[in-house]
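Structure first, commentary second.
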Number of protein chains: 2
Amino acid sequence: MSMNRRSLIGAAGLALATPALQAGEAAEAAKPAAKTPPPHVTKILAQWILGSSYDTLPDPVRRESVRSVLNWVGVAIGGSHHETVDVAVSALQPFSGPPQAGLFGRTERFDILNAAFLNGVSSHIFDFDDTHLKTIIHPAGPVASAILAYAEMKPVTGKAFLDALVVGIETECRIGNAVYPNHYDAGWHITGTCGPFGAAAAAGKLMGLTEQQMVYALGLAASQPVGLRESFGSMNKSFNPGRAASNGLFAAILAAKGFTSSDGMIEAKRGWANTISTKQDWSEITDGLGSRYEAQLNTYKPFACGIVMHPTIDAAIQIRDADHVRPEDIKRVDLKVHPLVLELTGKTAPKTGLEGKFSIYHAAAVAFVEGAGGEKQFSDRAVNDPRVVALRQKVVPVITPGIEPAQVDMTVTLNDGRTVHRYIEHAIGSVEKPMSDAQLDAKFADLAAGILPEAQAKRVMQLCRSLPELKDAGDVARAGVSGA
Amino acid sequence: MSMNRRSLIGAAGLALATPALQAGEAAEAAKPAAKTPPPHVTKILAQWILGSSYDTLPDPVRRESVRSVLNWVGVAIGGSHHETVDVAVSALQPFSGPPQAGLFGRTERFDILNAAFLNGVSSHIFDFDDTHLKTIIHPAGPVASAILAYAEMKPVTGKAFLDALVVGIETECRIGNAVYPNHYDAGWHITGTCGPFGAAAAAGKLMGLTEQQMVYALGLAASQPVGLRESFGSMNKSFNPGRAASNGLFAAILAAKGFTSSDGMIEAKRGWANTISTKQDWSEITDGLGSRYEAQLNTYKPFACGIVMHPTIDAAIQIRDADHVRPEDIKRVDLKVHPLVLELTGKTAPKTGLEGKFSIYHAAAVAFVEGAGGEKQFSDRAVNDPRVVALRQKVVPVITPGIEPAQVDMTVTLNDGRTVHRYIEHAIGSVEKPMSDAQLDAKFADLAAGILPEAQAKRVMQLCRSLPELKDAGDVARAGVSGA
């Protein structure tokens, strides 16, 4: 075997740091049509992260940061006893460090790196966590999992916590914006690949990193992307936000002690964005940094299923509750829908809760019967409830031009001949029609039911809501464990 | 903001598991010219990994596995007191689990995940570890770091350890072959991206995973690639093989308890190879599996610098030792070299040890003066030694057609007018002219000097050499710590 040119260069290892090779690389870079060199986004982000302060965050951003935490804590509690979490907890217990942080809804304690991982897994179990619709990143998972574990070990104020959350969400979502959709289309699970940046930024902020250390923390985060879309449908999907959280925290912990990386890991020629994506829109990172916030665009799912079914569930609940329509009075439910709705959720006879998540027939029926679309409505029990089964056979979706994927036009014909109609342009949970605080509380209570006592669930919610005044943000974590 | 099509699909989360979407995807896949579906390489590898046995490994593979371990232990000891390791140790100590495994050349003990990371970092500090030249993967780092830590916690025989090492190296290098060079050219540090597969395969083999668990372990490894070439020249480069080791071990630990992934994470449409590379040559994974071994192609560097300088150092040492040429007798050293040698190592007046690694002038001079090219010959001390500085000014490299990058034609003219000539077609350390066992021992001793007492270093070497007979492979780790 003969050595090839690359093995010689590669073996030189540190050669890339030499002027000789840099000259060579510059020549290489100059070959294509001269391009503007990218802005130093790694450094720009690091400076902005360190300069941010809760005191200067716009009110709507502050408000949304609290809602993001509340929603995230709720889904983390809700997922905490799923088999996925049970398996991960039992696998990692023999290797955990000191009991520095707890797990929502459980009794075990772990070192903060493992706790960040496990809470991150737990919060994505039902795919019911927050969504940044522009990138489909689930922003809170990687960020909140990392910094709440840290906050439990080292007290930080609620204001500092929320500021860190906001800079973390901003960092991961802006980097996501720069590479979306190409990066996602290629096969990457974008929450897992951008999440480490968010976790490193937020944790590094709380740790008081210098600007250079923050640049390195982002570089070490860039070195640890997580997750491929091929794993969707397995435990591996929830693994990704969890590992993104622990990877970002790991990066910040190392950088805080002086572990180095490159200065331009996001934008350099052989850095993250060029390596992991065919699109790099640097302006998505730099434009309006500090004036417009991605956290403000965060959305929360009212229903534990794909967003294409949300308008149908929304319409059914409205008709049920506002028009007092009872399931037994329904003769027929006509739905005008976008083709994607049937492509994604066309199962007519689901048998399991999971299959129910892919049945628009079940979604409509269960919403009329139970007035909700939570995790309990996508259980084996609900899917096999005779009243739901009977009603779903009366649901008639028809592909209709002019209806968008996230819209529905529903007409319910009653046994007495009357009809009731709803057109949902924006379903509840969209940016245009966000869930109210009361609805978020109800979602939280529903997720926590059966896991934490009602009074405790309420106390955790109150702590989330009072984060801007909390002296110790770690109280949220401590209050959310089983037996607290 | 309107929701886009992707956000709807993405939010559906588990939708990819439904027949409806699979049908849609099949239609999409059918659009381009019909392609043969890829072989199920994840499953093929899992089956082969579990079927391998030390008893049926060819003798040259057994021999090379021992040499790989010996070389890796030597470089891990050699790097163990570098600032990079000091920083990482101090950063991670507060979070470490039980003291399950030691660190070469040091006294601290960590849980096996952290120990795998730290020994992996340590072994890559000098870029002096083993190299699979076809991919430039450094095979031992990710694999040996993971399984030696595991072996220290849970005793395995030396034979089982070496078999696991071989399957780990085979797995990471074959996957690397399938995507190299495109994947590396794009910017990925291939040791870090393929390393998790090797670590998961090897650790999973020792843990006794079932075939399905091994498939999932490889899937979780696929979800955790590490490292970008942009970080070369910083501590982040050594971070990568270390994190590859702990990520692969993490994957195996979770899979062993039942954590799931997809069945085809390497070859699926949105799996690892398609997402992370523009080239996927499946035959590199499947052809000759179990009959030809990548481990047999592993090479070890005799000199602590890029391979383009190796023939020059080799020639200088030969002339010095065989022809008894003393530095002070040298009038001039003529080198016929490939252009790449000057492009990469053209520094005429290096001032630091690191700069010396990029100076063919220094390399030739120090080899004549000290008869070696180890880490000590690329120190600040050596680079500023007046005898070396004087001699390097007499070195005259000339770009010459017909000379390959890993060759040199050296003519030394002495003060008395005599000339001595060496043509190096294959330098020591190449596949064609591998380092002898005695040379590997000398390299080990040199790396361990000043870190472990000479007698202890010898004992560790002997344990490595006797691995095929060891009842407990963990003895190698226990013998290599400071104070053992």
Give all pairs with beta carbons closer than 8 Å in which a residue from segment A:255-269 that is in contact (Cβ under 8 Å) with a residue 60 or more places away in the chain meets a residue that is surrounded by fewer than 23 Cβ atoms within 10 Å (Cβ to Cβ) and among the basic types (Lys, Arg); count only pairs at least 6 apart in sequence or on separate chains.
A:Asp263/A:Lys43; A:Gly264/A:Lys43
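Residue-by-condition table, conditions (1) under 20 Å from the mean Cα position of the chain (by Cα); (2) closer than 18 Å to B:Ala164 by Cα; (3) free of Cβ contacts under 8 Å to residues at least 60 places away in the same chain:
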{"position": "B:Ala203", "(1), (2), (3)": "yes, yes, yes"}
{"position": "B:Glu211", "(1), (2), (3)": "no, yes, no"}
{"position": "B:Met214", "(1), (2), (3)": "no, yes, no"}
{"position": "B:Val226", "(1), (2), (3)": "yes, no, yes"}
{"position": "B:Glu230", "(1), (2), (3)": "yes, no, yes"}
{"position": "B:Ser234", "(1), (2), (3)": "yes, no, yes"}
{"position": "B:Ser238", "(1), (2), (3)": "yes, no, no"}
{"position": "B:Arg243", "(1), (2), (3)": "yes, no, no"}
{"position": "B:Asn247", "(1), (2), (3)": "yes, yes, yes"}
Going through segment B:410-419 one residue at a time, which ones are surrounded by fewer than 19 Cβ atoms within 10 Å (Cβ to Cβ) and not small (Gly, Ala, Ser)?
B:Thr411, B:Thr413, B:Leu414, B:Asn415, B:Asp416, B:Arg418, B:Thr419
Please give the number of the condition B:Pro225 fails out of (1) facing another protein chain (nearest Cβ under 10 Å); (2) modelled with pLDDT of 95 or more; (3) outside any helix (DSSP H, G or I); (4) out of contact with any strand residue (DSSP E or B) (no Cβ under 8 Å at 6 or more places or on another chain).
(4)
Identify, from the list B:Thr135, B:Thr84, B:Thr107, the residue that is over 27 Å from B:Leu254 (Cα atoms), hydroxyl-bearing (Ser, Thr, Tyr) and in a helix (DSSP H, G or I).
B:Thr84
How many residues, within segment B:376-409, are free of Cβ contacts under 8 Å to residues at least 24 places away in the same chain and within 30 Å of B:Val75 (Cα to Cα)?
2
Considering segment B:133-148 alone, what residues qualify as being more than 9 Å from chain A (Cβ to nearest Cβ) and of a type outside the set (Ser, Thr, Tyr)?
B:Ile137, B:His138, B:Pro139, B:Ala140, B:Gly141, B:Pro142, B:Val143, B:Ala144, B:Ala146, B:Ile147, B:Leu148
Identify the single condition in (1) surrounded by fewer than 23 Cβ atoms within 10 Å (Cβ to Cβ); (2) in contact with a Gly (Cβ under 9 Å, 6 or more places away or on another chain); (3) in a helix (DSSP H, G or I) that A:Gln296 does not satisfy, given that it satisfies every other one.
(2)
Please state which one of B:Asp127, B:Asp163 is outside any helix (DSSP H, G or I), assigned by TED's automatic domain parsing to the domain that holds B:Gly208 and touching a helix residue (DSSP H, G or I) at 6+ places or on another chain (Cβ under 7 Å).
B:Asp127
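This table checks each residue for (1) outside the structural domain of A:Val75 (by TED's automatic domain parsing); (2) open to solvent by 10 Å² or more (accessible area, probe 1.4 Å); (3) among the hydrophobic types (A, V, I, L, M, F, W, C); (4) under 13 Å from A:Ile266 (Cα atoms).
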| residue | (1), (2), (3), (4) |
| --- | --- |
| A:Lys205 | no, yes, no, no |
| A:Leu218 | no, no, yes, yes |
| A:Ala221 | no, no, yes, yes |
| A:Gly227 | no, no, no, no |
| A:Glu230 | no, yes, no, no |
| A:Asn236 | no, no, no, no |
| A:Ser246 | no, no, no, no |
By residue number, the members of segment B:91-106 that are open to solvent by 10 Å² or more (accessible area, probe 1.4 Å) and over 16 Å from B:Ser246 (Cα atoms) are B:Pro94, B:Arg106
Taking segment B:178-202, which residues are touching a Lys or Arg at 6+ places or on another chain (Cβ under 8 Å), closer than 20 Å to B:His40 by Cα and within 12 Å of chain A (Cβ to nearest Cβ)?
B:Tyr180
Residue check, B:Gly233 among the small types (Gly, Ala, Ser), facing chain A (nearest Cβ under 8 Å) and assigned to a loop (DSSP other than H, G, I, E, B)
yes
Here is a check on your reading of the model: is A:Ala140 closer than 28 Å to A:Lys357 by Cβ, surrounded by fewer than 24 Cβ atoms within 10 Å (Cβ to Cβ) and of a type outside the set (Phe, Trp, Tyr)?
no
B:Val69: of a type in the set (A, V, I, L, M), in contact (Cβ under 8 Å) with a residue 60 or more places away in the chain, in the same structural domain as B:Ala245 (by TED's automatic domain parsing) and open to solvent by 10 Å² or more (accessible area, probe 1.4 Å), yes or no?
no
Among what's in segment A:57-81 and is closer than 25 Å to A:Gly288 by Cβ and not in a helix (DSSP H, G or I), pick the residue that is farthest from the other protein chains (Cβ to nearest Cβ).
A:Leu57
In this structure, is A:Pro99 over 12 Å from the mean Cα position of the chain (by Cα) and either more than 9 Å from chain B (Cβ to nearest Cβ) or not hydrophobic (A, V, I, L, M, F, W, C) (or both)?
yes
When segment A:182-196 is checked residue by residue, the ones that are touching a residue at least 60 places away in the same chain (Cβ under 8 Å) and either surrounded by fewer than 24 Cβ atoms within 10 Å (Cβ to Cβ) or under 17 Å from A:Phe259 (Cα atoms) (or both) are A:Asn182, A:Ala186
Please identify the pairs in which a residue from segment A:281-292 that is part of a strand (DSSP E or B) has its Cβ atom under 8 Å from the Cβ atom of a residue that is modelled with pLDDT of 95 or more, counting only partners at least 6 apart or on another chain.
A:Leu289/A:Ile44; A:Leu289/A:Leu45; A:Leu289/A:Trp48; A:Leu289/A:Glu170; A:Leu289/A:Arg174
When only residues in segment B:248-266 that are surrounded by fewer than 24 Cβ atoms within 10 Å (Cβ to Cβ) and not small (Gly, Ala, Ser) count, which is farthest from the other protein chains (Cβ to nearest Cβ)?
B:Asp263
Restricting segment A:271-280 to residues that are in contact with a Leu (Cβ under 9 Å, 6 or more places away or on another chain) and touching a residue at least 12 places away in the same chain (Cβ under 8 Å), the one nearest to the other protein chains (Cβ to nearest Cβ) turns out to be A:Gly271
Out of all the residues in segment A:170-181, which are surrounded by fewer than 24 Cβ atoms within 10 Å (Cβ to Cβ) and part of a helix (DSSP H, G or I)?
A:Asn177
Of everything in segment A:38-62, what is surrounded by fewer than 16 Cβ atoms within 10 Å (Cβ to Cβ) and farther than 14 Å from A:Ser283 by Cβ? Give them in sequence order.
A:Gln47, A:Gly51, A:Ser53, A:Asp55, A:Thr56, A:Pro58, A:Asp59, A:Pro60
If I filter segment B:272-321 down to residues being more than 22 Å from B:Trp188 (Cβ to Cβ) and of a type in the set (S, T, N, Q), which single residue comes out as modelled with the lowest pLDDT?
B:Gln296
Taking the stated definitions as given, is A:Leu113 open to solvent by 20 Å² or more (accessible area, probe 1.4 Å), closer than 23 Å to B:Arg109 by Cβ, of a type in the set (A, V, I, L, M) and at pLDDT 95 or above?
yes
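The values are calculated or read from the model by the stated rules, or taken from the named source; none is laboratory data. Owing to the predicted nature of the structure, the values given are computational and were not obtained by experimental measurement. Note that each Cβ is placed from the backbone with ideal geometry, even for glycine, and that neighbours are counted across all protein chains shown. The area values use the complete protein model at the heavy-atom level, side chains included, leaving out ligands, DNA and RNA. Shrake-Rupley method; radii C 1.70, N 1.55, O 1.52, S 1.80 Å.
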